[in-house]
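Novice: Below is a structure I'd like to ask you about.
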Amino acid sequence: MIHLAVQYFAILREQRGLSEEKLATAATTPTALYDELRARHGFTLPADRVRAAVNDEFVAADAPLRDGDRIVFIPPVAGG
Amino acid sequence: MIHLAVQYFAILREQRGLSEEKLATAATTPTALYDELRARHGFTLPADRVRAAVNDEFVAADAPLRDGDRIVFIPPVAGG
Amino acid sequence: MFRISTELIDPVALQRELADVQAGACVAFEGWVRNRNDGHPVLSLEYEAYAPLAVKEGTRILNEARGKFALVAVAAVHRVGHLKLGELAVWVSVTAEHRGAAFDACRYIIDEAKARVPIWKKEHYADGATVWINCASRGDHAGAQAPRQV
Amino acid sequence: MFRISTELIDPVALQRELADVQAGACVAFEGWVRNRNDGHPVLSLEYEAYAPLAVKEGTRILNEARGKFALVAVAAVHRVGHLKLGELAVWVSVTAEHRGAAFDACRYIIDEAKARVPIWKKEHYADGATVWINCASRGDHAGAQAPRQV
């Protein structure tokens, strides 16, 4: 188990009901963690429509997660 | 012979030394008139680089000129 | 310079900073909150940003534009918060010696920013519904399924 | 609205007239007097227009743009007279629901205007020479032989 901080924005923030949480997980990649959280909180977006950032930088869906990381799941963007 | 008003702009105005003149000519087209005026005043631009407008509308180089027309010769433009 | 702003964007002040006698052309893009989207009357918009990464990614896009096109200067600001109709949501301005580069770069920046910068838009409709644009799935507002451009 | 102006162009006031909640995108082009052209230091510019035909032809170009692209509004102003470095020589602004049309139309208008509207530009150089741009022939300033873009 690793300990992570997770930040939520936009539709994920609303569906989770909070902006940030700390948690312990057995997931070792962003995709695995997202699927775990999606099952728990009922996120409507599937994993393949969500990108991940760790410590304020984009990472691959299968990048390794490390203890103490801060992870953000990024729904499809719509600036402008 | 027809009587015309000729207006000059930009390089043609400077080379002619005035902005407008009235004249009588045997020329029946803009090109013929331009060549006549070029020979008289030493305009540097050849006829094929000059467009013509009659009574504030573009006309073809071989359009007929009529008594009382106001003609403008248009050097290559360079707005913006 | 790519910024996220919680305040009204002032394009006049921003534009003034780009004044430069080496530049012969300036192309500016403004994205405004409009009153309908795909036929739905829109009352207002909310923009939310993941600010640290939005600034990083936006800055990368500006630097890419500088690499691809012969520019004098570039700047962009994206608004966040609750915006009323007609308000300025995003401003991009590019100066260059020649206009071709300024047009191409300005368009590159706004196209890339819309596709890559982590900013989200929620539309509030006249019928009371709200939608996070591009995030629709089954059960969401039907009109929001298709990707939209400003 | 295509206008010839003997006064300083005020893009802020002009832009305000285009505000419209039906528009989601605004693209504005500004042509500025820059301090060199093809390597020659430029001190100032003179613009001269054949105003009645310039307004006619400019208006035709704006109408063509409206026909080709899905626009909300278009406007353009070209300055004439003696301009100092940094001054605004030409301003074109286009609003549309979507940005693609706004970019394409703005570029169409400035490209066509530069090619077709009877306006002429005389550059005053640091060495005292002057040149009517695009009108060079044997004996004129050598640097002015090639067509130039802003």
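The values are calculated or read from the model by the stated rules, or taken from the named source; none is laboratory data. Here the structure is a predicted model, which means the values were calculated and not measured. Reconstructed Cβ throughout: ideal geometry from the backbone, glycine too, with neighbour counts over all protein chains shown.
Novice: What is the residue count in the range B:68-80 for residues that are surrounded by 14 or more Cβ atoms within 10 Å (Cβ to Cβ) and part of a loop (DSSP other than H, G, I, E, B)?
Specialist: Keep residues of the range B:68-80 that are surrounded by 14 or more Cβ atoms within 10 Å (Cβ to Cβ), which gives B:69-80.
Subsequent filtering for residues that are part of a loop (DSSP other than H, G, I, E, B) retains B:69, B:75-80.
Residues that pass the stated criteria total 7.
Novice: Which condition number does D:His40 fail, the rest of (1) in contact with a strand residue (DSSP E or B) (Cβ under 6 Å, 6 or more places away or on another chain); (2) farther than 22 Å from C:Ala102 by Cα; (3) modelled with pLDDT under 95 being met?
Specialist: Just one mismatch for D:His40, condition (2).
Novice: I've got another one for you. Can you tell me which residues in the range B:48-62 are facing chain D (nearest Cβ under 10 Å), of a type in the set (A, V, I, L, M, F, W, C) and part of a strand (DSSP E or B)? Outline the logic, then answer.
Specialist: Of the residues in the range B:48-62, the ones facing chain D (nearest Cβ under 10 Å) are B:49-51, B:53, B:55-58.
Now drop any that are not of a type in the set (A, V, I, L, M, F, W, C), which leaves B:50, B:53, B:58.
Across the range B:48-62, the qualifying residues are B:Ala53, B:Phe58.
Novice: Determine which member of the set A:Leu45, A:Leu37, A:Leu23, A:Leu65 is surrounded by 13 or more Cβ atoms within 10 Å (Cβ to Cβ) and either of a type in the set (Gly, Ala, Ser) or within 12 Å of chain C (Cβ to nearest Cβ) (or both).
Specialist: On the way: A:Leu37 fails: either of a type in the set (Gly, Ala, Ser) or within 12 Å of chain C (Cβ to nearest Cβ) (or both); A:Leu23 fails: either of a type in the set (Gly, Ala, Ser) or within 12 Å of chain C (Cβ to nearest Cβ) (or both); A:Leu65 fails: either of a type in the set (Gly, Ala, Ser) or within 12 Å of chain C (Cβ to nearest Cβ) (or both).
The conditions single out A:Leu45.
Novice: Working only within the range A:9-20, note down all residues that are within 12 Å of chain C (Cβ to nearest Cβ) and on the phi > 0 side of the Ramachandran plot.
Specialist: Once the filter is applied, which keeps residues that are within 12 Å of chain C (Cβ to nearest Cβ) and on the phi > 0 side of the Ramachandran plot, the range A:9-20 yields only A:Ala10.
Novice: Given the criterion of a type in the set (Asp, Glu) and under 30 Å from D:Gly39 (Cβ atoms), identify the matching residue among C:Asp38, C:Asp20, C:Asp10. Outline the logic, then answer.
Specialist: Details: C:Asp38 fails: under 30 Å from D:Gly39 (Cβ atoms); C:Asp10 fails: under 30 Å from D:Gly39 (Cβ atoms).
Exactly one of C:Asp38, C:Asp20, C:Asp10 is of a type in the set (Asp, Glu) and under 30 Å from D:Gly39 (Cβ atoms), namely C:Asp20.
Novice: Would you list the strands (runs of 3 or more DSSP E) that sit entirely within the range D:31-103 and hold 1 or more residues that are of a type in the set (S, T, N, Q) and buried (at least 22 other Cβ atoms within 10 Å of the Cβ)?
Specialist: Working: elements: D:40-49, D:73-79, D:81-84, D:88-96.
Strands (runs of 3 or more DSSP E) meeting the threshold: D:88-96.
Novice: Additional query: Restricting attention to the range C:15-30, which residues are under 23 Å from D:His98 (Cα atoms) and assigned to a helix (DSSP H, G or I)? Don't jump to the end; show me each part of the working.
Specialist: Here is the first cut: in the range C:15-30, the ones under 23 Å from D:His98 (Cα atoms) are C:15, C:25-30.
Passing the criteria: only C:Gln15.
Novice: Then there's this: Mind checking which residues of the range D:1-14 are under 22 Å from D:Arg116 (Cα atoms) and either assigned to a loop (DSSP other than H, G, I, E, B) or touching a Leu at 6+ places or on another chain (Cβ under 7 Å) (or both)?
Specialist: The initial filter retains those residues of the range D:1-14 that are under 22 Å from D:Arg116 (Cα atoms), namely D:1-6, D:9.
Once the filter is applied, which keeps residues that are under 22 Å from D:Arg116 (Cα atoms) and either assigned to a loop (DSSP other than H, G, I, E, B) or touching a Leu at 6+ places or on another chain (Cβ under 7 Å) (or both), the range D:1-14 yields D:Met1, D:Phe2, D:Thr6, D:Ile9.
Novice: While we're here: So which residues in the range C:6-30 are surrounded by 15 or more Cβ atoms within 10 Å (Cβ to Cβ) and either away from chain D (no Cβ under 11 Å) or polar (S, T, N, Q) (or both), if there are any at all?
Specialist: Pass one, the range C:6-30, residues surrounded by 15 or more Cβ atoms within 10 Å (Cβ to Cβ): C:9, C:11, C:14-15, C:18, C:20-30.
C:Ile9, C:Leu14, C:Gln15, C:Gln22 - these are the residues of the range C:6-30 that are surrounded by 15 or more Cβ atoms within 10 Å (Cβ to Cβ) and either away from chain D (no Cβ under 11 Å) or polar (S, T, N, Q) (or both).
Novice: Just the residues that are within 11 Å of another protein chain (Cβ to nearest Cβ), among the charged types (D, E, K, R) and either in contact (Cβ under 8 Å) with a residue 12 or more places away in the chain or touching a strand residue (DSSP E or B) at 6+ places or on another chain (Cβ under 6 Å) (or both), please, taken from the range C:56-74.
Specialist: Of everything in the range C:56-74, just one residue is within 11 Å of another protein chain (Cβ to nearest Cβ), among the charged types (D, E, K, R) and either in contact (Cβ under 8 Å) with a residue 12 or more places away in the chain or touching a strand residue (DSSP E or B) at 6+ places or on another chain (Cβ under 6 Å) (or both), namely C:Glu57.
Novice: Take the range C:104-123 and flag every residue that is within 14 Å of chain A (Cβ to nearest Cβ) and in a helix (DSSP H, G or I). It would help to see each step written out before you state the result.
Specialist: Quick first cut of the range C:104-123, residues within 14 Å of chain A (Cβ to nearest Cβ) only: C:106-123.
The answer is C:Cys106, C:Arg107, C:Tyr108, C:Ile109, C:Ile110, C:Asp111, C:Glu112, C:Ala113, C:Lys114, C:Ala115, C:Arg116.
Novice: Also, I was wondering about something else. Considering only residues of the range D:104-132 that are without any contact (Cβ under 8 Å) to a residue 24 or more places away in the chain and either buried (at least 22 other Cβ atoms within 10 Å of the Cβ) or within 19 Å of the chain's Cα centre (by Cα) (or both), which is nearest to C:Ala28 (Cα to Cα)?
Specialist: In this case the residue turns out to be D:Asp111.
Novice: Those residues that are farther than 22 Å from C:Glu57 by Cβ and aromatic (Phe, Trp, Tyr), I need them from the range A:6-56; list them, please.
Specialist: Residues of the range A:6-56 that are farther than 22 Å from C:Glu57 by Cβ, as a first pass: A:14-18, A:21-28, A:32, A:35-44, A:46.
Residue satisfying the conditions is A:Phe43 alone.
Novice: Exactly one of (1) touching a helix residue (DSSP H, G or I) at 6+ places or on another chain (Cβ under 8 Å); (2) crowded, with 20+ Cβ neighbours inside 10 Å; (3) at positive phi is unmet by B:Val6. Its number?
Specialist: All conditions pass for B:Val6, except number (3).
Novice: Taking interchain pairs and intrachain pairs at least six residues apart, which have beta carbon atoms under 7 angstrom, with the first residue in the range D:39-55 and more than 20 Å from D:Ala76 (Cβ to Cβ) and the second polar (S, T, N, Q)?
Specialist: Pairs that qualify, where the first residue is more than 20 Å from D:Ala76 (Cβ to Cβ) and the partner is polar (S, T, N, Q), are D:Pro41/D:Asn35; D:Val42/D:Asn35.
Novice: Which of the residues spanning the range C:124-150 are modelled with pLDDT of 50 or more and within 12 Å of another protein chain (Cβ to nearest Cβ)? First the steps, then the outcome.
Specialist: Residues of the range C:124-150 that are modelled with pLDDT of 50 or more, as a first pass: C:124-137.
Hits for the range C:124-150 are C:Thr130, C:Val131, C:Trp132, C:Ile133, C:Asn134, C:Cys135, C:Ala136, C:Ser137.
Novice: Going residue by residue through the range B:49-57, is there one that turns out to be of a type in the set (A, V, I, L, M) and either surrounded by fewer than 17 Cβ atoms within 10 Å (Cβ to Cβ) or in contact (Cβ under 8 Å) with a residue 60 or more places away in the chain (or both)? Before you say what the answer is, go through the steps one by one.
Specialist: Taking the range B:49-57 and keeping what is of a type in the set (A, V, I, L, M), we get B:50, B:52-54.
Keeping just the survivors that are either surrounded by fewer than 17 Cβ atoms within 10 Å (Cβ to Cβ) or in contact (Cβ under 8 Å) with a residue 60 or more places away in the chain (or both) gives none.
Scanning the range B:49-57 turns up no residue that is of a type in the set (A, V, I, L, M) and either surrounded by fewer than 17 Cβ atoms within 10 Å (Cβ to Cβ) or in contact (Cβ under 8 Å) with a residue 60 or more places away in the chain (or both).
Novice: Is there any pair linking a residue in the range B:5-16 that is free of Cβ contacts under 8 Å to residues at least 24 places away in the same chain and under 11 Å from B:Phe43 (Cα atoms) to one that is surrounded by fewer than 19 Cβ atoms within 10 Å (Cβ to Cβ) and of a type in the set (S, T, N, Q), with Cβ under 8 Å and at least six apart or on different chains, and which?
Specialist: B:Arg13/B:Ser19
Novice: Just the residues that are of a type in the set (D, E, K, R) and within 11 Å of chain D (Cβ to nearest Cβ), please, taken from the range C:75-99. Outline the logic, then answer.
Specialist: Just the residues of the range C:75-99 that are of a type in the set (D, E, K, R), to begin with: C:79, C:84, C:87, C:97, C:99.
Those that are of a type in the set (D, E, K, R) and within 11 Å of chain D (Cβ to nearest Cβ): C:Lys84, C:Glu87, C:Glu97, C:Arg99.
Novice: Would you check if there is a residue in the range A:8-25 being over 18 Å from C:Ala49 (Cα atoms), assigned to a loop (DSSP other than H, G, I, E, B) and of a type in the set (Val, Ile, Thr)?
Specialist: no
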